[in-house]
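First comes the structure, then the notes that go with it.
The values are calculated or read from the model by the stated rules, or taken from the named source; none is laboratory data. These numbers were taken from a predicted model, which means no experiment stands behind them. Neighbour counts run over all protein chains shown; Cβ positions are idealised from the backbone, glycine included. When the accessible area is computed, the model is the full protein with side chains, heavy atoms only, and any ligands, DNA or RNA have been set aside. Shrake-Rupley method; radii C 1.70, N 1.55, O 1.52, S 1.80 Å.
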Amino acid sequence: MDLENTKAQMRKGILEYCILSVLSRNSCYASDIIKELKEAKVIVVEGTLYPLLTRQKNAKLLSYRWEESQQGPPRKYYELTSEGKEYLADLDNSWIELVESVNLIRTK
Amino acid sequence: MDNTIKINLGGILFQIEEAAYLLLRDYLQAIDTRFRHVAGGAETIEDIESRIAEIFQSKNGAAGVISKENVVEMISIIGRPEEFDQPEIESESARYGTQRKKMYGNAFYSNRRNNRQSAGSDLSGTSKVGNAFNEVFMALGKVLNIFFRVILIIIGISLVLTGFLAMLSFVMVFLFKYPGSFSTNIDGVNLSYIPDFLNFIVPPSIVPWITVLTTIVVVLPLLALIYWGVKMIFWFKAKDGIFSLIALVIWVMSIAALSIILFNEGVGYAETAKATSSKILKELPDTLYIKSGKSISDLKYDHEISIPDDEYEIFIAEESKEIFVRTYLGFESSEDNNAVLEVRKRSTGRSRSDALLKAEALQYNFSFIGDTLYLDEYFTYPSGTKWAFDNVGATLVIPEGTVISIDNNVESMIRQHHRNYYDMDSENLKPKNRFWQLTEEGLRYCEPK
């Protein structure tokens, strides 16, 4: 059994939830999100984030606005839409239930 | 130091060593390959390129030269496409998305090629214009998509309505006999009794087959029409291929079976024959009265089928299993002084002799008593005989100048175009006692003798 693969699979499951959670606090530029996710060791490489952001944006969970940057190209600042907020609330509940379920199994 | 190349990345111009450029090119191509067929892939590629530009700028600034080490470091930050351990990428391949990716890809590589040739020029503006074009095309694509959907919905609604109304008409006319059963006087609408009439055309054992097969042949395409309409309106995909194929096979088989049955029955009407008989009316009176013998108004029938243009009327008595067909009367002037009633009976059959036998068997009665000629308004069939496009016509051949008196019922036996010719429908000319005289110009109103 490949431990790294299992951990990667677990990360996959929670990555979208983590992105929405980060954005629930403030609108963020992709690098800000990457920074938080890297600190939390949820992602290893930045390339993981971009397709997820595009997908969540296309699912209307996120929207973005352009802001000029002194350090490079214009930046996309992402924020949650009302649909995204509702979706995140559902995910919050699901996460709590999931943790409880897992704990229940682990501590039995 | 290697040769350097100028490239545009994320709208920013960079100078890059050739070896670094080759590495970067391969990396970007790998990313492009990874996301090319993914919904929103073009946007993802664009975001990654912007991030690469940002990383390069943070390391060297726009004025610095990007080295191979810089590219390797950037790749370690962004990761190789195979390291993007994201959840399964949707394989949605929306056409709009594909078009957009192509545009983007072309714009990007075109820019890179241009940059190699025109090093030093400011191409960041070009990139922004390219992005603006992309946005315009995206918006245009959305508008076209909406337009396409609206057209599809309109076509879908039309198909559903057409199919539904046709089906409703079919059911109402042939199942509920509407409106024939409510109003038998409306021309053409009593075709709803054709299924009942089938019993008088083909052997009874075949009637259910014809009915079922005809229903399948008519109803299946209408159901398909409704289904396609619903699919167009709601734009859903369904695994309906096998059902469509089965339905098509059933439909084709029904048509084939129906064709065989109808062809087999149709052979029975291949030949036509006419039987003519003449009756000389001896001692023609000064005024010949023509009255109806058996009249249609006295008939007890259940249904009436009429073919208005042909003035062909069939009356069906369900209980007694009898059919009656209206007979028509015409007038001609005789070349001698004899008065003759000619009766022409016409029928169809598998052969001329068969048709002739059928024609002779048609039952039509008339009598000449005193000064009155009694004509039946209809003819009928011997028991057990099927209808075979039969027709009976009577022609009264009388010397010119003969005065005749026609009653109401007999007048209805004269075909409409003859009635028009004789001015019979003109209220001003219609004589109270219905006295007419045969002249060179046909029947004309006259005073009674």
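Is there any pair with a first residue in the range B:426-449 that is part of a strand (DSSP E or B) and a second that is modelled with pLDDT under 60 and not polar (S, T, N, Q) whose Cβ atoms are under 8 Å apart and which are 6 or more apart or on different chains, and what are they?
So the pair list comes out as B:Y445/B:L429; B:Y445/B:K430; B:Y445/B:P431.
Looking at the structure I just gave you, is B:E283 outside the structural domain of B:P195 (by TED's automatic domain parsing), free of Cβ contacts under 8 Å to residues at least 40 places away in the same chain and not in a loop (DSSP other than H, G, I, E, B)? I'd like the intermediate steps shown before the answer.
Details: outside the structural domain of B:P195 (by TED's automatic domain parsing): yes; free of Cβ contacts under 8 Å to residues at least 40 places away in the same chain: yes; not in a loop (DSSP other than H, G, I, E, B): no.
Spelling it out, it is not the case that B:E283 is outside the structural domain of B:P195 (by TED's automatic domain parsing), free of Cβ contacts under 8 Å to residues at least 40 places away in the same chain and not in a loop (DSSP other than H, G, I, E, B).
Do you know which residues across the range B:234-280 are in a helix (DSSP H, G or I), open to solvent by 70 Å² or more (accessible area, probe 1.4 Å), aliphatic (A, V, I, L, M) and farther than 20 Å from B:P221 by Cα?
The answer is B:I260, B:L262.
Does the range B:6-28 contain at least one residue that is within 14 Å of chain A (Cβ to nearest Cβ), more than 19 Å from A:V44 (Cβ to Cβ) and modelled with pLDDT of 90 or more? Explain how you work it out, then say what you get.
Here is the first cut: in the range B:6-28, the ones within 14 Å of chain A (Cβ to nearest Cβ) are B:7-14, B:27-28.
Pick out the ones that are also more than 19 Å from A:V44 (Cβ to Cβ) and you get B:7-14, B:28.
Add one more test, that the residue is modelled with pLDDT of 90 or more, and what stays is B:28.
Checked against the condition, which is being within 14 Å of chain A (Cβ to nearest Cβ), more than 19 Å from A:V44 (Cβ to Cβ) and modelled with pLDDT of 90 or more, the range B:6-28 yields at least one hit.
Pick from the range B:18-32 the residues that are within 16 Å of B:A42 (Cβ to Cβ) and not small (G, A, S): which of them is surrounded by the most Cβ atoms within 10 Å (Cβ to Cβ)?
In the first step, residues of the range B:18-32 are kept if they are within 16 Å of B:A42 (Cβ to Cβ); the result is B:28-32.
Next, only the ones that are not small (G, A, S) stay: B:28-29, B:31-32.
Values: B:L28: 18, B:Q29: 12, B:I31: 22, B:D32: 20.
Going through the qualifying residues, I end up with B:I31.
Could you list all residues from the range B:329-348 that are open to solvent by 70 Å² or more (accessible area, probe 1.4 Å) and either within 22 Å of B:D407 (Cβ to Cβ) or touching a Ser or Thr at 6+ places or on another chain (Cβ under 8 Å) (or both)? If you could, list the steps in order and put the result at the bottom.
In the first step, residues of the range B:329-348 are kept if they are open to solvent by 70 Å² or more (accessible area, probe 1.4 Å); the result is B:332, B:335-338, B:344, B:346.
Of everything in the range B:329-348, those that are open to solvent by 70 Å² or more (accessible area, probe 1.4 Å) and either within 22 Å of B:D407 (Cβ to Cβ) or touching a Ser or Thr at 6+ places or on another chain (Cβ under 8 Å) (or both) turn out to be B:E332, B:R344, B:R346.
Restricting attention to the range B:29-40, which residues are farther than 26 Å from B:K6 by Cβ and within 8 Å of chain A (Cβ to nearest Cβ)?
B:V38, B:A39, B:G40
Residues of the range B:1-23 being under 20 Å from A:P51 (Cα atoms) and either small (G, A, S) or part of a helix (DSSP H, G or I) (or both), which ones? Full working, then the answer.
Let us first name the residues in the range B:1-23 that are under 20 Å from A:P51 (Cα atoms), namely B:9-10.
Selection gives B:G10 alone.
Quick check on my filter: what residues within the range B:381-418 are surrounded by 20 or more Cβ atoms within 10 Å (Cβ to Cβ), over 38 Å from the mean Cα position of the chain (by Cα) and of a type in the set (V, I, T)?
Within the range B:381-418, B:V397, B:I398, B:T402, B:I404, B:I406, B:V410 meet the criteria.
Since B:L222 meets every condition but one in (1) open to solvent by less than 30 Å² (accessible area, probe 1.4 Å); (2) more than 27 Å from the chain's Cα centre (by Cα); (3) over 30 Å from B:A361 (Cα atoms), which condition does it not meet?
The failed condition is (2).
Quick check on my filter: what residues within the range A:60-77 are closer than 21 Å to A:D92 by Cβ and without any contact (Cβ under 8 Å) to a residue 24 or more places away in the chain? Explain how you work it out, then say what you get.
Taking the range A:60-77 as the starting set, the residues that turn out to be closer than 21 Å to A:D92 by Cβ are A:60-63.
Listed by number, the list holds a single entry, A:S63.
How many residues are over 15 Å from B:P221 (Cα atoms) and either in contact (Cβ under 8 Å) with a residue 24 or more places away in the chain or touching a Phe, Trp or Tyr at 6+ places or on another chain (Cβ under 9 Å) (or both) when one looks only at the range B:159-173? First the steps, then the outcome.
We begin by selecting, within the range B:159-173, every residue over 15 Å from B:P221 (Cα atoms); these are B:172-173.
Adding the requirement that they be either in contact (Cβ under 8 Å) with a residue 24 or more places away in the chain or touching a Phe, Trp or Tyr at 6+ places or on another chain (Cβ under 9 Å) (or both) leaves B:172.
So the answer is 1.
For the range A:94-108, which positions are loosely packed, with under 10 Cβ neighbours inside 10 Å and part of a helix (DSSP H, G or I)?
Of the residues in the range A:94-108, the ones loosely packed, with under 10 Cβ neighbours inside 10 Å are A:104-108.
Residues satisfying the conditions are A:L104, A:I105, A:R106, A:T107.
Among the strands (runs of 3 or more DSSP E) confined wholly to the range B:339-401, which include 3 or more residues that are farther than 22 Å from B:D298 by Cβ? Give the steps one after another, and end with the answer.
Values: elements: B:340-349, B:366-369, B:372-375, B:378-380, B:391-398.
Passing ranges, in order: B:340-349, B:391-398.
State which residue is surrounded by the most Cβ atoms within 10 Å (Cβ to Cβ) when the search covers only the range B:59-90 and only residues that are closer than 14 Å to B:L13 by Cα and modelled with pLDDT under 85. Outline the logic, then answer.
As a first pass, look at the range B:59-90 and keep what is closer than 14 Å to B:L13 by Cα: B:60-66.
Applying the additional criterion that residues be modelled with pLDDT under 85 yields B:60-64.
Details: B:N60: 16, B:G61: 10, B:A62: 13, B:A63: 9, B:G64: 14.
Filtering the range B:59-90 for residues that are closer than 14 Å to B:L13 by Cα and modelled with pLDDT under 85, the one surrounded by the most Cβ atoms within 10 Å (Cβ to Cβ) comes out as B:N60.
Among the residues of the range B:205-249, count how many are touching a helix residue (DSSP H, G or I) at 6+ places or on another chain (Cβ under 9 Å) and closer than 30 Å to B:K386 by Cβ.
The total comes to 14.
Considering B:F200, B:F164, B:F170, which residue is touching a strand residue (DSSP E or B) at 6+ places or on another chain (Cβ under 9 Å) and at pLDDT 75 or above? I'd like the intermediate steps shown before the answer.
On the way: B:F164 fails: touching a strand residue (DSSP E or B) at 6+ places or on another chain (Cβ under 9 Å); B:F170 fails: touching a strand residue (DSSP E or B) at 6+ places or on another chain (Cβ under 9 Å).
When all the criteria are applied, what remains is B:F200.
Is one or more of the residues making up the range B:228-239 β-branched (V, I, T), under 15 Å from the mean Cα position of the chain (by Cα) and at pLDDT 90 or above? I'd like the intermediate steps shown before the answer.
Filtering the range B:228-239 for residues β-branched (V, I, T) gives B:230, B:233.
From what's left, under 15 Å from the mean Cα position of the chain (by Cα): none.
No, because not a single residue in the range B:228-239 is β-branched (V, I, T), under 15 Å from the mean Cα position of the chain (by Cα) and at pLDDT 90 or above.
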